1. Check each residue of segment A:118-132 and keep those whose accessible area, probe 1.4 Å, is at least 50 Å² smaller with all protein chains in place than in the chain alone; give them in order of residue number.
2. How far apart are the B:SER23 label points across copies, placing each 7 Å from Cα toward Cβ, in nm, shortest first?
3. Please report, for B:PRO40, the nm distances (one decimal) from its label point, 7 Å out from Cα along the beta-carbon direction, to the equivalent points in the remaining copies, shortest first.
4. To one decimal in nm, how far is B:GLY60 from the same spot in the other copies, if labels go 7 Å from Cα toward Cβ? Please give the shortest first.
5. Give me the accessible area buried between chains B and A, both sides summed, with a 1.4 Å probe, in Å² rounded to the nearest 100.
6. When ligands, DNA and RNA are left out and all protein chains stay put, how many square angstrom of accessible area per residue does segment A:46-88 have with a 1.4 Å probe?
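The values are calculated or read from the model by the stated rules, or taken from the named source; none is laboratory data. Small disclaimer: the values here were computed from a predicted structure and weren't measured. Every residue, glycine among them, receives a Cβ derived from its backbone with ideal geometry; neighbour counts consider all protein chains shown. Heavy atoms of the whole protein, side chains included, go into the accessibility calculation; ligands, DNA and RNA do not. Shrake-Rupley method; radii C 1.70, N 1.55, O 1.52, S 1.80 Å.
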2 protein chains.
Amino acid sequence: MLRMGKLTDYGIVLMSYIAEHRSKQHSAHMLSDAVHMPLPTVRKILKVLSAGGLLTSERGAQGGYILSGDPADISVAQIITAIEGPIALTECVSSASQCDQETHCAVQTNWNQINNAVFHALDEVKLADMLTPTLSAARPVQFYPPSYRAKAVSLQDGDQHE
Amino acid sequence: MLRMGKLTDYGIVLMSYIAEHRSKQHSAHMLSDAVHMPLPTVRKILKVLSAGGLLTSERGAQGGYILSGDPADISVAQIITAIEGPIALTECVSSASQCDQETHCAVQTNWNQINNAVFHALDEVKLADMLTPTLSAARPVQFYPPSYRAKAVSLQDGDQHE
DNA sequence: TTAAATGATACTATAATGGTATCAATTAGG
DNA sequence: CCTAATTGATACCATTATAGTATCATTTAA
Ligand code: FES
Ligand code: FES
């Protein structure tokens, strides 16, 4: 659930790499090699990240990208937002209640709370935190009780989900 | 970002409705009318919710669904998990590191932390909380600074995201 | 026996996503 | 100036995921 696009993960990997080598400027080409992702995809992501203000670009020969700010100030939420757009778990919440269900949906207002909580969780993790191989708390691994998974049943036909 | 399927929202609405009328047993038909959703879709969701153990079903004429537990014990995270499968923001994290990037991806381990945080945020909101029209904190509305949205740029062509 | 209900599968159309290609604009360096 | 290296912007396609629908089997109250 709550699937985040693969491109976003790539984006975070890229940002992490750039943060780890802040001194240099990085071209899409170099990054593609360094992180082993297809060049066109890397370009696309970098472009968006730049447009989002997280990276500063320099055009022309010898151009490339550098971090716009300090890794300690850039949050995962920011990166995700830049790549996937504003955080909105449901359709309804995004555009100020244009949902036709709205009238019958007592839940609506409460979603804001939830979005809020999720956003905070993601906003407190800074890029700098991602660099340290594994933070203090050594690998929490199972973040949901195994029973959840056991019971999980697919909505789709063929099924997958893991 | 972090789009959650529309069906999941429906699922939560359904659970909320059932929780609000715990006394009675509800058939898919009745619920479809009450919440104004297409009947087949309602059936599908209820089935999954039942398979997930959140609803208890009774077959045959006069059958229907009731809540399996107390609304105060059922979390939003449980509902989401039941409908969409285990919480895993990235592809990589889901199946214990089968990602080919993995070797180059220093970020990987830290994702668990993030997933953990998000899951907790969602697990602390119980179904009972969703029933109270608006909890104490009156509408937090803007859960991310407007600047985020202003800067947001799409990955896709036509663009939308809101 | 019938009708009302859930359970299980299978299918289809639409949309989202990931990925690729193409050309324009910019700039350093010979 | 000219060329090569680089980002910026669009447009496109293929694959997949999603939402939605249809169909039949199974159970059970009346
Ligand atoms: S279904 Fe639209 S607001 Fe909940
Ligand atoms: S890209 Fe696969 S673990 Fe991060």
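1. When all protein chains are present, A:PHE119, A:LEU122, A:MET130 each give up 50 Å² or more of accessible surface.
2. Computed spacing set for this position: 7.4 nm.
3. 3.6
4. For B:GLY60, the other copies' label points sit at 8.3 nm, shortest first.
5. 7400
6. Per residue, segment A:46-88 has 39 Å² of solvent-accessible surface.
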